[in-house]
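> The following block contains the structure, expressed as structure tokens.
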Amino acid sequence: MIFILASALLLAGLAAGHISVISPCPRYSSIGTNCPVLPAGQSLDTDMDTPISSVPLNLHQPLCKHTVPWPKPAATWKAGESVTIKFDPDSVIHSGGNMEFSISYDGGITFAVIYQMLRYAFLNGKPSGETNAAQVLEYTFTLPNDLPNSNSAVFAWTWLPASADREFYMNCADVAITGSSSNSYTAKE
């Protein structure tokens, strides 16, 4: 009986998702907030929190899991202003790790970093041991002043967890950028 109960608890823990952005709404998210209408012929993705490394090996797989953008941006941001990225509260965080927010102006082929959180993503500091409980599920940061205007920029969140099997996570959201007179943005790729 104890073995069955322990097995059930273990499986319940494994069944819980890892983590996913919910705002701005990632492409085809089934749990995102304020999501645009799905593009014709597409369906909701119920595995937004699955690591990229768990899909079949395909050397030509795009970084963004879904390549057809939303029909309209999931969010409109103004260069130089603060934005807040929100994550699913029903998440497993593998003791933090490194994450980045980045932006693409070529449909998700190349990305430039706009914010980094190193080592302790989703935590308030160094954990005392391994943990899967998120302490931070929202990140607010200021967008660079020189992000060019675009109605079709791709925002990306990437994460390498601290205590998991070499997993790589990525969600992409279509955003509009306004309020800039810049023609280009250069940052760490």
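The values are calculated or read from the model by the stated rules, or taken from the named source; none is laboratory data. Computed from a prediction, not measured in an experiment: that's the story for all the values here. Reconstructed Cβ throughout: ideal geometry from the backbone, glycine too, with neighbour counts over all protein chains shown. We work out accessible area using only protein heavy atoms, side chains counted, and drop any ligands, DNA or RNA first. Shrake-Rupley method; radii C 1.70, N 1.55, O 1.52, S 1.80 Å.
> Would a scan of the range 91-102 turn up a residue that is in a strand (DSSP E or B), under 14 Å from the mean Cα position of the chain (by Cα) and more than 19 Å from M48 (Cβ to Cβ)?
The answer is yes, given that some residue of the range 91-102 is in a strand (DSSP E or B), under 14 Å from the mean Cα position of the chain (by Cα) and more than 19 Å from M48 (Cβ to Cβ).
> Among the residues of the range 112-122, write down those that are buried (at least 20 other Cβ atoms within 10 Å of the Cβ) and at pLDDT 95 or above.
I114
> From A187, A162, A133, grab the single residue that is without any contact (Cβ under 8 Å) to a residue 60 or more places away in the chain, open to solvent by 20 Å² or more (accessible area, probe 1.4 Å) and out of contact with any Phe, Trp or Tyr (no Cβ under 7 Å at 6 or more places or on another chain). Write out each step before concluding.
Numbers: A187 fails: without any contact (Cβ under 8 Å) to a residue 60 or more places away in the chain; A162 fails: without any contact (Cβ under 8 Å) to a residue 60 or more places away in the chain.
Of the residues listed, the single one that is without any contact (Cβ under 8 Å) to a residue 60 or more places away in the chain, open to solvent by 20 Å² or more (accessible area, probe 1.4 Å) and out of contact with any Phe, Trp or Tyr (no Cβ under 7 Å at 6 or more places or on another chain) is A133.
> To continue, here is another question. Give the residue, chosen from K78, K126, K86, that is open to solvent by 10 Å² or more (accessible area, probe 1.4 Å), farther than 18 Å from I22 by Cα and either aromatic (F, W, Y) or touching a residue at least 40 places away in the same chain (Cβ under 8 Å) (or both).
Only one candidate qualifies: K78.
> Let me ask you something else. Assuming M170 fulfils every condition listed in (1) touching a helix residue (DSSP H, G or I) at 6+ places or on another chain (Cβ under 9 Å); (2) among the aliphatic types (A, V, I, L, M); (3) surrounded by fewer than 17 Cβ atoms within 10 Å (Cβ to Cβ) apart from one, which condition is it?
Unmet for M170, out of (1) touching a helix residue (DSSP H, G or I) at 6+ places or on another chain (Cβ under 9 Å); (2) among the aliphatic types (A, V, I, L, M); (3) surrounded by fewer than 17 Cβ atoms within 10 Å (Cβ to Cβ): (3).
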